[in-house]
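Following: one structure in structure tokens, then a few remarks.
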Amino acid sequence: MNPPICRRCLLRDLDDGSYARTVEEYIAAIPPRQKASSEEYEKRLSLCRECSRLVSGMCSLCGCFVEARAAKASQHCPDTPSHW
Ligand code: SF4
């Protein structure tokens, strides 16, 4: 049985946890100087949660896992206009 599609969910909210662990490992490997601050990271994710493009932790506009994308300081939301 496929897991339900969840709009407004991040990977951290989903049951399975395997993708979330992979993303956490990716984020942990980002050099500290390249990481968004914790405050900026959570602000970005809050904006993603309010966005109609978020589907089961993935941005339907660019196909990325938003928790991974938001973790890098140099990244930005791909929408026009950008949400963050
Ligand atoms: S369009 Fe931007 S705000 Fe919306 S889910 Fe994608 S990255 Fe997040």
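Just so it is clear, none of the values below were taken in a lab; they were calculated from the coordinates. Keep in mind that this is a model prediction, so the values were computed, not measured. Cβ: placed from backbone, ideal geometry, glycine included. Neighbour counts: every protein chain shown.
So the values come out like this:
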{"quantity": "Identity of the residue in region 31-45, closer than 15 Å to LEU11 by Cβ and out of contact with any His (no Cβ under 9 Å at 6 or more places or on another chain), that ends up nearest to the ligand (Cβ to nearest atom)", "calculated": "LEU45"}
{"quantity": "Count of region 46-57 residues which are within 8 Å of the ligand (Cβ to nearest atom), of a type outside the set (Gly, Ala, Ser) and out of contact with any Ser or Thr (no Cβ under 6 Å at 6 or more places or on another chain)", "calculated": "5"}
{"quantity": "Within region 47-69, tally of residues that are touching an Asp or Glu at 6+ places or on another chain (Cβ under 8 Å) and of a type in the set (A, V, I, L, M, F, W, C)", "calculated": "2"}
{"quantity": "Within region 58-74, considering residues that are charged (D, E, K, R) and under 8 Å from the mean Cα position of the chain (by Cα), the one nearest to the ligand (Cβ to nearest atom)", "calculated": "ARG69"}
{"quantity": "Test: residue in region 11-19 that is among the hydrophobic types (A, V, I, L, M, F, W, C), touching a Phe, Trp or Tyr at 6+ places or on another chain (Cβ under 9 Å) and more than 10 Å from the ligand (Cβ to nearest atom)", "calculated": "yes"}
